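Since every read-out is calculated from the coordinates, none of them should be taken as a lab result. Since we're looking at a predicted model, the values are computed, not measured. Positions of Cβ are backbone-derived with ideal geometry, glycine not excepted, and every protein chain shown enters the neighbour counts.
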Amino acid sequence: MRLTRLTSIAVITLVIVIIAAIMIVGFLYRPVWPGSKPVQGAVPKVSAPKQLTDQQRQEQVACYQNQVQINGAVLAYRASTGKYPPTGVIDASSPLVKEHFLTQPPREPVTGQYYQLNPPNSKGDYLTSCPANNPDHKLPQ
């Protein structure tokens, strides 16, 4: 029986792929012999991302939008007055609301609490945080 050129190439390719797969699986799942040290990180640990319900996702997006709106108002206040607004609760008595950088003080969508303007971080940025301290509502840095 004589193989055609195309069949020969296909058979050789299949053999190479099978050998490579065996070598990869053997490397990742090799036994640890007594007296030897296991290779750390040979098999990466993968965790599934946290799944949020539609309601939780809507609350998260609303909280993000509120924080971005406040941070934008802080930058506009700084550009207009040359200084940052005082830190603390952003309610109706806040200069951001009194001087119309915000039309009304935003509230956290789950608890209804007012947001807080935090002292500057190491970069000198004044940022807000979720008053409910919900880790899913933290703005990405």
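Entry for region 59-139 at q = 0.21 Å⁻¹: log10 I(q)/I(0) = -0.92, Debye formula applied to identical alpha-carbon scatterers, no solvent contribution. The orientation-averaged shadow of the Cα convex hull for region 50-102, equal to a quarter of the hull surface, comes to 4.6 nm². Stretched out straight at 0.36 nm per residue, the stretch from GLN55 to LYS138 would grow longer than its current Cα-Cα span by 28.2 nm. The label-point distance for LYS83 and HIS100, in a model that sets each label 7 Å from Cα toward Cβ, rounds to 2.3 nm. In sequence order, region 62-77 has phi-based couplings of 4, 5, 4, 4, 4, 5, 5, 4, 5, 4, x, 5, 4, 5, 5, 4 Hz under the Karplus curve 6.51 cos²θ - 1.76 cosθ + 1.60, θ = phi - 60°, and Gly or Pro positions carry x. Look at the Cα gyration tensor of region 79-120: its axes a ≥ b ≥ c give a/c of at least 1.5 with a/b at or below b/c, and that counts as oblate.
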